[in-house]
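Participant: Right, I'll just put the structure down here and ask away after.
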Amino acid sequence: DARLAPMSNKRATPDSAITMDDVDGFSAAELFGQGVCYTYDDVIFHPGHINFAADAVDLSAKLTRNITIRTPIVSSPMDTVTESDMAIAMASVGGAGFLHYNMTEAEQIGHLKCVKAHRLGFVTRPAVCGPDTPLSWLDELKTRRGFGSVAVTSSGAVGGELLGGCTSRD
């Protein structure tokens, strides 16, 4: 492409015995320090030898001045992409989810509260039923919420005396 500046390898100079064919690509500093932008179609990255352990690589990135994320992965603030479930999933792997704004203020606050209240590994909104709840309700619950495990309490509500549990394996 005529718009792209030709890449030059500082290691292969006209007065050296090294030619472009002798050099195995460019270092990251050489590639990205040329002041030219490249797309994925312009370069090919080949794996090479590294002299450090893979777990020594730090992928953390500044999201804002005061917020650093461990994994530089964020979800798009689109109504078809990020609501509370996606934001929770992104946070659980060290990334961030940006809630979209194509909803009412009350809905945004609801999603935000849901994300802020989530504790990884803890059930914060358990499904609870009473001892007289029909099995059809469990089928509806599985369709609605994606799981069919519930706590059975004497009152059918959180805070009642725990009588047992019912899972999809029962």
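Participant: Inspect all residues belonging to region 70-89 and state whether any of them is of a type in the set (D, E, K, R) and either at pLDDT 85 or above or touching a helix residue (DSSP H, G or I) at 6+ places or on another chain (Cβ under 6 Å) (or both).
Facilitator: yes
Participant: Right, residue 53: of a type in the set (A, V, I, L, M) and surrounded by fewer than 12 Cβ atoms within 10 Å (Cβ to Cβ) or not?
Facilitator: Working: of a type in the set (A, V, I, L, M): yes; surrounded by fewer than 12 Cβ atoms within 10 Å (Cβ to Cβ): yes.
In short, yes.
Participant: On the given criteria, is residue 113 basic (Lys, Arg) and in contact (Cβ under 8 Å) with a residue 24 or more places away in the chain?
Facilitator: no
Participant: While we're on this one: Give all pairs with beta carbons closer than 7 Å in which a residue from region 28-56 that is modelled with pLDDT of 75 or more meets a residue that is part of a loop (DSSP other than H, G, I, E, B) and open to solvent by 80 Å² or more (accessible area, probe 1.4 Å); count only pairs at least 6 apart in sequence or on separate chains.
Facilitator: Once the first residue is modelled with pLDDT of 75 or more and sits in region 28-56, its partners that are part of a loop (DSSP other than H, G, I, E, B) and open to solvent by 80 Å² or more (accessible area, probe 1.4 Å) give 30/10.
Participant: Does any residue in region 81-104 that is touching a residue at least 40 places away in the same chain (Cβ under 8 Å) and closer than 20 Å to residue 70 by Cα come within less than 6 Å, Cβ to Cβ, of a residue that is open to solvent by less than 50 Å² (accessible area, probe 1.4 Å) and among the polar types (S, T, N, Q) six or more places away or on a different chain, and which pairs are these?
Facilitator: none
Participant: Considering only region 64-71, I want to know if a residue exists there that is of a type outside the set (Phe, Trp, Tyr), open to solvent by less than 60 Å² (accessible area, probe 1.4 Å) and closer than 30 Å to residue 114 by Cα. Working first, answer last.
Facilitator: Filtering region 64-71 for residues of a type outside the set (Phe, Trp, Tyr) gives 64-71.
In the following step, the residues that additionally are open to solvent by less than 60 Å² (accessible area, probe 1.4 Å) were identified as 69, 71.
Still in the running and closer than 30 Å to residue 114 by Cα: 69, 71.
Yes: region 64-71 contains one or more residues that are of a type outside the set (Phe, Trp, Tyr), open to solvent by less than 60 Å² (accessible area, probe 1.4 Å) and closer than 30 Å to residue 114 by Cα.
The values are calculated or read from the model by the stated rules, or taken from the named source; none is laboratory data. Values in this document were obtained by computation on a predicted structure and should not be read as measured data. Every residue, glycine among them, receives a Cβ derived from its backbone with ideal geometry; neighbour counts consider all protein chains shown. Each accessible area value is taken on the protein alone, full model and side chains, heavy atoms only, with ligands, DNA and RNA left out. Shrake-Rupley method; radii C 1.70, N 1.55, O 1.52, S 1.80 Å.
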